[in-house]
Amino acid sequence: MTMRKLFTLDEIKKSLLVALWFMVLTFPILAVRVNPIYKVVEWRWHNLLMVGIGAFLLSFPWRYFQGHGKPPEKSAAAENQALKNSKILLWRRHPWVRLCAVVLATGLVLSFPFLFSSYQVNIMTTALIYVVLGLGLNIVVGLAGLLDLGYVAFYAVGAYSYALLHLHFGLSFWLCLPIGAGLAALFGILLGFPVLRLRGDYLAIVTLGFGEIIRLVLENWNEFSQGPSGISNIPRPGLPGIEMSLNASSIFLYFLMIALTLFTILVVSRLRDSRIGRAWLALREDEIACQAMGIDKTRTKLTAFALGATWAGMGGVMFAAKTTFINPASFTFLESAIILSIVVLGGMGSMLGVILSAFILILVPEYLRAFSEYRMLIFGAVLVIMMVFRPQGLISNVRHRYRFEGLKTPPEELG
Amino acid sequence: MTALLSTTHLTMDFGGLRAVDEVNLEVRQQEIVALIGPNGAGKTTLFNCITGLYRPTSGDIFVQAPGAAPKRINGLKPNQVTALGLARTFQNIRLFPHMTVLENVMIGRHCRTTSNILGAVLKDRHTRREEQETVAFSYRLLEKVHLDRYVNELARNLPYGAQRRLEIARALATEPFLLLLDEPAAGMNPLETRELDDLITRIRNEMGIAILLIEHDMKLVMNISDRIFVMEYGKEIAVGTPLEIRSNPRVIEAYLGADSHA
Amino acid sequence: MDYFLELFLGGLTRGSIYALIALGYTMVYGIIELINFAHGEIYMIGAFTALIAASVLAIMGFGPVPILFLAMLLAILYSCAYGYTLEKIAYKPLRHSNRLAPLISAIGMSIFFQNYVLLAQTSDFLPFPSLLPEVPFLEPYAYIIRSSEIFIILTTLVVMVLLSLLIRFTRIGKAMRATAQDRTMAMLLGVDVNRVISVTFVIGSAMAAIGGVLIASHIGQINFYIGFIAGIKAFTAAVLGGIGSIPGAVLGSLVLGWTESFATGYISSDYEDVFAFGFLVLILIFRPAGLLGKTAAQKV
Ligand SMILES: Nc1ncnc2c1ncn2[C@@H]1O[C@H](COP(=O)(O)OP(=O)(O)OP(=O)(O)O)[C@@H](O)[C@H]1O
Ligand SMILES: [Mg+2]
């Protein structure tokens, strides 16, 4: 569809119909409000008008981009070529660009807490926690292809490990970080054992159920978790012998989070290009062929599950340390949905994509606080729109390419 | 010569359908055995039973690795069967489409390598060396099947015939002593089929791997097999050398039909 | 014994509502293998539409019986329209992409619908008029079963019978079965797959609306969040029965209803959902494809 064809009479008629359809559709819920106690009806015709105009105008770009988003079946080779030449990749490959980017990023990361308010620093720390969670879930969903809708359970395990261990035994943050990670991994294995035989969507609902069970137990088992009122006064991490102001400790936490993020990136990228990582990918691509090639399905799935959980556990400890107060309300299904969206939006398996989309999905709503009421509405709409127009995610995953030194016949690049 | 693989009264039922019926099959060292039969005869099902994808209803499967004691493998998981030294390809190509050609073959090395998570994270000496060896080993296999120029290409971008050869290379990477090929020539043009003929013979002669192959291309089968095994409706109806099979009236009637006289 | 009977019938009522919603999940899943996460929201929108219609009609002075019918009718129509539009916007463009994209889109729609109703109406619980008629001869047994429960169970039964007739004997029902079995093949044989998918969404939405109106007037209050919880439960029920299987969805729903009812009645009401999910996990460990799901070996 070209621009000119967009505004023919026919197209306008279509859009009018769409507008009419949406006005009818939203009529009862948007235009009518009943107060059942006083038995009065409030009519809000202006809402309807706005829907009509909005639907009319939006239906043009919707159709236009849909026509464009899906070019006629590209051949696989052409697609691969396009992938190779995509701008982002070309940039990334150029050594100069890389160096500049690294220097720039380092400078920005280091100076950030000193340039911006501690409010901004806290937001950034939150975003980094989600980067870590996204990268962790990326192991499970993006690499191993296991649909986990209850990832938040392991996040909760991490957060509560720190909170409870500190409350009862006075354990420090530094001790709790590995313990929380370990406990989360343990939970991952405990859940994984019975359910990893299940096919994709069965796994999805069971993990979702598991996430809910953990939350409900935390909510109802007052003696153990202090129930819905949660646990407060969780200390922020500190260094022995150094007294930190609130501001300093949030900056410290920020750097801690940067370190954890870098650590995560390092570990996950090494894993991805290792024997284990390849097995995960193979499992995602074709379970039967994968087994027939000698890979132990259960074990491979379990490692993915446990490792993913480990990172959720660490994220949880960090979260508890950052907010100093946790309660079960922080660990709802919505949280799992957000983390999963980060992974899918990022491009399923692409680490850069996951990092980017974590920042987008966490920072945008934070800065949308101005329209705080509409935040989640917009969030939902953004998920749908992103998927409809870019189902493959922000950045397509690119496989590791091997160079061959010291082999007889070096490979020629295939165009 | 000992039998690498032998099945006794192997039977597989799907509900009321008996897909494999009391089959006794034997593959000996260094042998190329063809398994032929009309569509739906149960050939693929037999492969699936042997490689652990299906659990046979009754009967036994024995495997004897060269220089080892025979082992009953009923009920083993597919990966355990592969670890023992049986590797296979699939009738409907099952590559890992979004992984590169080299990575596909490297997957085959998985069960012969040992690096663990810690090694992968720390990149210690052992892991690095093993990774290098894996790459080199896989690359040499790609050379063998003439796919080396595609190393870094995604598997799904390969032409059909090349995908079939990649499956063979991937199977070889598990260092099997018996290779099971399910219709390797399907969808290949005559030139490719001739190359395949050559490849299979080389695998047997140079690598000493026995081969059991399902194939509908009679020319290929008659050319390369030492023995042919014929199935119909799940039952074995004949075994013998190509010469014997060619003249077996039962086989002619059941399978080869008018073709063989032409 | 009375207590047992009360719990049994309570579970049956719950299960009936779950079944009405679960069928929508399982039918959609059977045809396009998608977990339609926004299905619960369709149910919630049905309930809201009924509430609004009933209130307006009551103010206009209609009697209870016309209100029930008109409100139910409007709820069904609107739910169908929402279900239809949902599919066209959020799923149809993604028919050929990877499996997770439509799932995320569904989650997005679910969040969107919840907040849409929250913003347009209210976040508070609204009292829902009890539209279902009281049956006088049940009065003495009211401690065991309320007449609204009888009404729910009977309505569900009728809907199930109609649905199975539709699927078994009509052209569109046959087309649905064909598409569920093999979409490509159905397409080649001239089945209009897009239409079948739309019809599936519409039928599923209609049943969800019926469930929404029934349960809302049984319990007596609704808010924007009821769809999410009911949706997850109903999906659990569908999986429990074997997703894609229509009798499975009904069986799974009843089993889940009873599990919850007896567990809360005899053990503790705090952990109702824990029992539900725990039971699901337990069943799936022993029957990985659900109660009535097929566990056949995958053809290789
Ligand atoms: N998983 C399964 N479930 C049910 N029936 C099956 C299954 N796998 C195979 N069959 C049936 O078993 C019979 C044998 O099938 P099989 O695929 O082994 O035949 P084949 O000899 O390989 O045929 P072809 O030459 O067409 O590949 C067929 O009737 C098939 O439909
Ligand atoms: Mg076959």
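Anything in segment B:13-32 that is of a type outside the set (S, T, N, Q) and more than 8 Å from ligand 1 (Cβ to nearest atom)? List them, or say none.
B:13, B:16, B:18, B:21, B:22, B:23, B:25, B:26, B:27, B:28, B:31, B:32, listed by residue number.
What's the number of the condition residue B:231 fails, among (1) within 26 Å of residue B:93 (Cβ to Cβ); (2) within 16 Å of ligand 1 (Cβ to nearest atom); (3) out of contact with any helix residue (DSSP H, G or I) (no Cβ under 9 Å at 6 or more places or on another chain)?
Of everything listed in (1) within 26 Å of residue B:93 (Cβ to Cβ); (2) within 16 Å of ligand 1 (Cβ to nearest atom); (3) out of contact with any helix residue (DSSP H, G or I) (no Cβ under 9 Å at 6 or more places or on another chain), residue B:231 misses just condition (3).
Does segment C:254-273 hold any residues that are at pLDDT 85 or above and within 8 Å of another protein chain (Cβ to nearest Cβ), and which are they?
Result: no residue meets the conditions.
Given (1) buried (at least 21 other Cβ atoms within 10 Å of the Cβ); (2) more than 26 Å from residue A:149 (Cβ to Cβ); (3) of a type in the set (A, V, I, L, M); (4) at the interface with chain A (Cβ under 7 Å from one of its Cβ atoms), identify the lone condition not met by residue C:59.
The failed condition is (1).
Among the residues of segment A:233-277, write down those that are closer than 26 Å to residue B:117 by Cβ and hydroxyl-bearing (Ser, Thr, Tyr).
Answer for segment A:233-277, where residues must be closer than 26 Å to residue B:117 by Cβ and hydroxyl-bearing (Ser, Thr, Tyr): A:261, A:264, A:269, A:274.
Pull up segment B:7-42, narrow it to residues that are crowded, with 21+ Cβ neighbours inside 10 Å and within 10 Å of ligand 2 (Cβ to nearest atom), then point me to the one that is nearest to residue B:252 (Cα to Cα).
Among those residues, the one meeting the criterion is B:37.
Filter segment C:27-46 down to residues that are within 11 Å of another protein chain (Cβ to nearest Cβ) and modelled with pLDDT of 90 or more and give me whichever is nearest to residue C:180 (Cα to Cα).
Filtering first and then ranking leaves C:38.
Check B:45, B:82 and return the single one that is within 16 Å of ligand 2 (Cβ to nearest atom), out of contact with any Asp or Glu (no Cβ under 8 Å at 6 or more places or on another chain) and part of a helix (DSSP H, G or I).
Among B:45, B:82, only B:45 is within 16 Å of ligand 2 (Cβ to nearest atom), out of contact with any Asp or Glu (no Cβ under 8 Å at 6 or more places or on another chain) and part of a helix (DSSP H, G or I).
If you go through segment C:156-214, how many residues are without any contact (Cβ under 8 Å) to a residue 60 or more places away in the chain and of a type in the set (Val, Ile, Thr)?
The qualifying residues number 8.
Checking the conditions here, which among A:190, A:171, A:198, A:165 is crowded, with 20+ Cβ neighbours inside 10 Å and without any contact (Cβ under 8 Å) to a residue 60 or more places away in the chain?
Just one listed residue meets the conditions, A:198.
In segment A:196-207, what count of residues is obtained for those that are closer than 17 Å to residue A:306 by Cα and more than 7 Å from chain C (Cβ to nearest Cβ)?
3
Do the conditions hold for residue B:84, that is, is it under 20 Å from residue A:296 (Cβ atoms), surrounded by 15 or more Cβ atoms within 10 Å (Cβ to Cβ), of a type in the set (A, V, I, L, M) and more than 15 Å from ligand 1 (Cβ to nearest atom)?
For residue B:84, the condition - under 20 Å from residue A:296 (Cβ atoms), surrounded by 15 or more Cβ atoms within 10 Å (Cβ to Cβ), of a type in the set (A, V, I, L, M) and more than 15 Å from ligand 1 (Cβ to nearest atom) - is met.
Kindly provide the set of residues from segment B:96-113 that are acidic (Asp, Glu) and more than 7 Å from every other protein chain (Cβ to nearest Cβ), ordered by number.
Within segment B:96-113, no residue meets the criteria.
Hey, could you check segment B:180-217 for residues that are within 16 Å of ligand 2 (Cβ to nearest atom) and surrounded by fewer than 18 Cβ atoms within 10 Å (Cβ to Cβ) and say which is nearest to residue B:91 (Cα to Cα)?
Only one residue fits best here, namely B:186.
Residues B:4, B:35: which one is within 11 Å of ligand 1 (Cβ to nearest atom), part of a strand (DSSP E or B), touching a strand residue (DSSP E or B) at 6+ places or on another chain (Cβ under 6 Å) and more than 14 Å from every other protein chain (Cβ to nearest Cβ)?
Unique residue meeting the criteria: B:35.
Among the numbered conditions (1) closer than 22 Å to residue A:144 by Cα; (2) surrounded by 24 or more Cβ atoms within 10 Å (Cβ to Cβ); (3) more than 14 Å from chain C (Cβ to nearest Cβ), tell me where residue A:356 comes up short.
Unmet for residue A:356, out of (1) closer than 22 Å to residue A:144 by Cα; (2) surrounded by 24 or more Cβ atoms within 10 Å (Cβ to Cβ); (3) more than 14 Å from chain C (Cβ to nearest Cβ): (2).
Kindly list the number of the only condition in (1) free of Cβ contacts under 8 Å to residues at least 12 places away in the same chain; (2) within 30 Å of residue A:108 (Cα to Cα); (3) within 14 Å of chain B (Cβ to nearest Cβ) that fails for residue A:271.
The one condition residue A:271 does not meet is (1).
If the Cβ limit is 9 Å and pairs must be 6+ apart or interchain, which residue in segment A:110-137 that is more than 15 Å from residue A:367 (Cβ to Cβ) pairs with which residue that is of a type in the set (Lys, Arg) and in a helix (DSSP H, G or I)?
The qualifying pairs are A:125/A:322; A:129/A:322.
If I go through segment B:146-164 residue by residue, how many of them are buried (at least 23 other Cβ atoms within 10 Å of the Cβ) and within 20 Å of residue B:213 (Cα to Cα)?
Within segment B:146-164, residues that are buried (at least 23 other Cβ atoms within 10 Å of the Cβ) and within 20 Å of residue B:213 (Cα to Cα) number 1.
So how many residues does segment C:89-109 have that are at the interface with another protein chain (Cβ under 7 Å from one of its Cβ atoms), hydroxyl-bearing (Ser, Thr, Tyr) and crowded, with 24+ Cβ neighbours inside 10 Å?
So the count comes out to 1.
For residue C:66, indicate whether it is more than 11 Å from chain A (Cβ to nearest Cβ), surrounded by fewer than 20 Cβ atoms within 10 Å (Cβ to Cβ) and out of contact with any Leu (no Cβ under 9 Å at 6 or more places or on another chain).
Against the criterion (more than 11 Å from chain A (Cβ to nearest Cβ), surrounded by fewer than 20 Cβ atoms within 10 Å (Cβ to Cβ) and out of contact with any Leu (no Cβ under 9 Å at 6 or more places or on another chain)), residue C:66 does not qualify.
Counting only residues that are surrounded by 24 or more Cβ atoms within 10 Å (Cβ to Cβ) and among the aromatic types (Phe, Trp, Tyr), how many does segment C:220-263 have?
2
Only one residue in A:28, A:72, A:113 is at pLDDT below 75 and either over 30 Å from residue B:158 (Cβ atoms) or assigned to a loop (DSSP other than H, G, I, E, B) (or both). Which one?
A:72
Could you look through segment A:319-337, keep only residues that are within 29 Å of residue C:101 (Cβ to Cβ) and buried (at least 23 other Cβ atoms within 10 Å of the Cβ), and pick out the one that is farthest from the other protein chains (Cβ to nearest Cβ)?
My answer is A:319.
The values are calculated or read from the model by the stated rules, or taken from the named source; none is laboratory data. Since this is a predicted model, take the numbers as computed values, not measurements. Cβ coordinates were reconstructed from backbone atoms using ideal geometry, including for glycine residues, and neighbour counts include every protein chain displayed.
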